[in-house]
1. Within the range 81-117, how many residues turn out to be touching a strand residue (DSSP E or B) at 6+ places or on another chain (Cβ under 7 Å) and within 17 Å of Ile61 (Cβ to Cβ)?
2. Being farther than 19 Å from Phe151 by Cα, at pLDDT below 95 and not small (Gly, Ala, Ser) narrows it down to one residue among Val69, Val12; which is it?
3. Taking the condition part of a loop (DSSP other than H, G, I, E, B), in contact (Cβ under 8 Å) with a residue 24 or more places away in the chain, over 20 Å from Arg164 (Cβ atoms) and touching a Leu at 6+ places or on another chain (Cβ under 7 Å), does Lys94 pass?
4. Provide a single number: the residues in the range 129-146 that are without any contact (Cβ under 8 Å) to a residue 40 or more places away in the chain and either open to solvent by less than 30 Å² (accessible area, probe 1.4 Å) or not in a loop (DSSP other than H, G, I, E, B) (or both).
5. Being in a strand (DSSP E or B) and modelled with pLDDT of 90 or more: is that true of Arg54 here?
6. So, in the range 82-111, of the ones that are in contact with a Lys or Arg (Cβ under 6 Å, 6 or more places away or on another chain) and closer than 19 Å to Val55 by Cα, which residue ends up surrounded by the most Cβ atoms within 10 Å (Cβ to Cβ)?
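The values are calculated or read from the model by the stated rules, or taken from the named source; none is laboratory data. On a predicted model such as this, the values are computed, not experimentally measured, just so you know. Reconstructed Cβ throughout: ideal geometry from the backbone, glycine too, with neighbour counts over all protein chains shown. SASA here: full protein model, heavy atoms, side chains in, ligands and nucleic acids out. Shrake-Rupley method; radii C 1.70, N 1.55, O 1.52, S 1.80 Å.
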Amino acid sequence: MKKLLLIIVSIVLYGCLGMPPTVTPVTGFNLNHYLGKWYEIARLDHSFERGLSRVTAEYSINSDGGVRVLNRGFSDVKKQWQEAEGKAYFVNSKDEGYLKVSFFGPFYGSYVIFGLDHDNYDYAFVSGPNTDYLWLLARTPTVDADVIKRFTEMSAQRGFDTSRLIFVEHTPSQ
């Protein structure tokens with residue numbers, strides 16, 4: 001009975017570690033170049049970021065060698081900042097942009113970098129375990145139109161519904 005329970009728990013816990021079949025993680029990934037602050041430029045809507053503007057993600061090394069993740073956004077309704085701290089670890093090799101991230105104890109979800117400015121790490125296209133999760137991240141609060149076009153085209157080709165993209169406001173509310 002214990003063995004069956006362990007198998008079921010393993011399937012549930014690792015069930016969110018997949019990725020859309022059309023998404024392939026970048027290779028030649030360098031975590032040290034990826035660390036630091038990123039601005040969320042666009043995303044698909046989901047409950048844990050709904051209504052947030054000025055969203056950022058900051059990545060640093062944890063004492064255990066994993067990645068500390070600090071997501072931050074401003075709620076215009078509540079007129080306050082909201083933060084979520086998590087942890088991430090590589091799923092396969094450290095040069096592949098495929099990590100598992102957790103904000104809730106032992107439960108992990110996929111963080112798949114499928115597009116990346118390999119020269120300067122200025123922008124990243126990120127997927128979750130399925131086509132309901134999608135982000136465009138950048139080192140600055142705005143990006144050139146060609147980056148948004150490339151992101152939208154690559155995402156649409158991979159089955160994401162880009163008509164539902166939310167473009168994140170980064171100017172202070174009045």
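1. First, the residues of the range 81-117 that are touching a strand residue (DSSP E or B) at 6+ places or on another chain (Cβ under 7 Å): 81-92, 95-103, 108-117.
Right, trim to within 17 Å of Ile61 (Cβ to Cβ) and you get 85-90, 95, 97, 99-102, 111.
Result for the range 81-117: 13.
2. On the way: Val69 fails: at pLDDT below 95.
After applying the criteria, what remains is Val12.
3. On the way: part of a loop (DSSP other than H, G, I, E, B): yes; in contact (Cβ under 8 Å) with a residue 24 or more places away in the chain: yes; over 20 Å from Arg164 (Cβ atoms): yes; touching a Leu at 6+ places or on another chain (Cβ under 7 Å): yes.
In short, yes.
4. As a first pass, look at the range 129-146 and keep what is without any contact (Cβ under 8 Å) to a residue 40 or more places away in the chain: 144-146.
Remaining after also requiring either open to solvent by less than 30 Å² (accessible area, probe 1.4 Å) or not in a loop (DSSP other than H, G, I, E, B) (or both): 145-146.
Final tally of qualifying residues: 2.
5. Values: in a strand (DSSP E or B): yes; modelled with pLDDT of 90 or more: yes.
Judged against the criteria, Arg54 is a match.
6. Ser102
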